[in-house]
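Single-structure report; data block below.
The values are calculated or read from the model by the stated rules, or taken from the named source; none is laboratory data. These numbers were taken from a predicted model, which means no experiment stands behind them. Please note: Cβ atoms are built from the backbone with ideal geometry, for glycine as well, and neighbour counts cover all protein chains shown.
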Amino acid sequence: MTAIYVIIGIVVAMTVLLTGLSLAVSYNRFVSQRNLIKNSFANIDTELRRRYDLIPNLVEAVKGYAAHEREVFERVAHTRAAAAASGQSPAAQAAVEGPFVQALGRLLAVAENYPELKANQNFLALQGELTNTEDRIQAARRFYNANVQDYNRRVQAFPSAVVALMFNFKEAEFFEIPGAERAILGQAPRVDFGARGDGSTAEALSPAPPWPEVGPGDSSPPAPQPPTS
């Protein structure tokens, strides 16, 4: 009889030990994943700030050929300031990046109207650096979102969800800016082959859609609009 109690005690002790060990392993993995997410978002932030630093020089280069495009320059400056504000969560950062990317895409579209500017070596160097930076942003974004996806899957799935609930591990935010890559890497003026009065066609740049108005006292940029299907 005593032997049975000993065996039961050993089984219970081993069960408790294995359960505790499993909890510790799962907890440590959550911590590692959370730190990886923080580090990968820091890489995105580094590349975003590299892009912010390029913008003033890019604006000045375009100003030299298109000084009358004041609305474009002001919009870039306004949205850049909002995006460059530090201490924002990934979702909040993505929200303010949207209008900035749209304004930057419009700036590059303006540059398409000036062949002399497009041939300027300083502008070409800035544009090349901007493209390289955007490539790095997209690579860092994909790495970050992959880490978030893995982490969130464990937060939702059983039995790791139990550990997440016990130790308050919550789902992480993705970082997505709709149309960002297209606006900067693939921005091109839209062409309208409208009919002239003589029956021939005229190639013209169609105007970009107007930006939403910002009311008095509203210093925040408008929220980015999702792309239509």
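Let's see how each residue does on (1) part of a strand (DSSP E or B); (2) at pLDDT 95 or above; (3) among the aromatic types (Phe, Trp, Tyr); (4) buried (at least 16 other Cβ atoms within 10 Å of the Cβ):
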| residue | (1), (2), (3), (4) |
| --- | --- |
| Phe158 | no, no, yes, no |
| Ala161 | no, no, no, no |
| Leu165 | no, no, no, no |
| Asn168 | no, no, no, no |
| Ile177 | no, no, no, yes |
| Arg182 | no, no, no, no |
| Ala188 | no, no, no, no |
| Phe193 | yes, no, yes, no |
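If I ask for residues that are in contact (Cβ under 8 Å) with a residue 40 or more places away in the chain and among the aromatic types (Phe, Trp, Tyr), which ones from region 127-168 would you list?
Residues satisfying the conditions are Phe143, Tyr144, Tyr151, Phe167.
For region 67-88, does any single residue satisfy the condition of being under 30 Å from Phe143 (Cβ atoms), basic (Lys, Arg) and in contact (Cβ under 8 Å) with a residue 24 or more places away in the chain?
There is at least one residue in region 67-88 that is under 30 Å from Phe143 (Cβ atoms), basic (Lys, Arg) and in contact (Cβ under 8 Å) with a residue 24 or more places away in the chain.
Hey, Phe41 hits all of (1) in contact (Cβ under 8 Å) with a residue 60 or more places away in the chain; (2) crowded, with 19+ Cβ neighbours inside 10 Å; (3) over 30 Å from Arg154 (Cβ atoms) but one; which does it fall short on?
(3)
Which residue out of Glu60, Glu47 is among the acidic types (Asp, Glu) and within 15 Å of the chain's Cα centre (by Cα)?
Glu47
Could you please find all residues in region 69-113 being of a type in the set (D, E, K, R), part of a helix (DSSP H, G or I) and surrounded by fewer than 18 Cβ atoms within 10 Å (Cβ to Cβ)?
Passing the criteria: Arg70, Glu71, Glu74.
Does Phe41 fit the bill of being at pLDDT 85 or above and within 29 Å of Tyr144 (Cα to Cα)?
It is true that Phe41 is at pLDDT 85 or above and within 29 Å of Tyr144 (Cα to Cα).
Which one of these is more than 25 Å from Phe169 (Cβ to Cβ) and not acidic (Asp, Glu): Phe100, Phe30?
Going through Phe100, Phe30 in turn, the sole match is Phe100.
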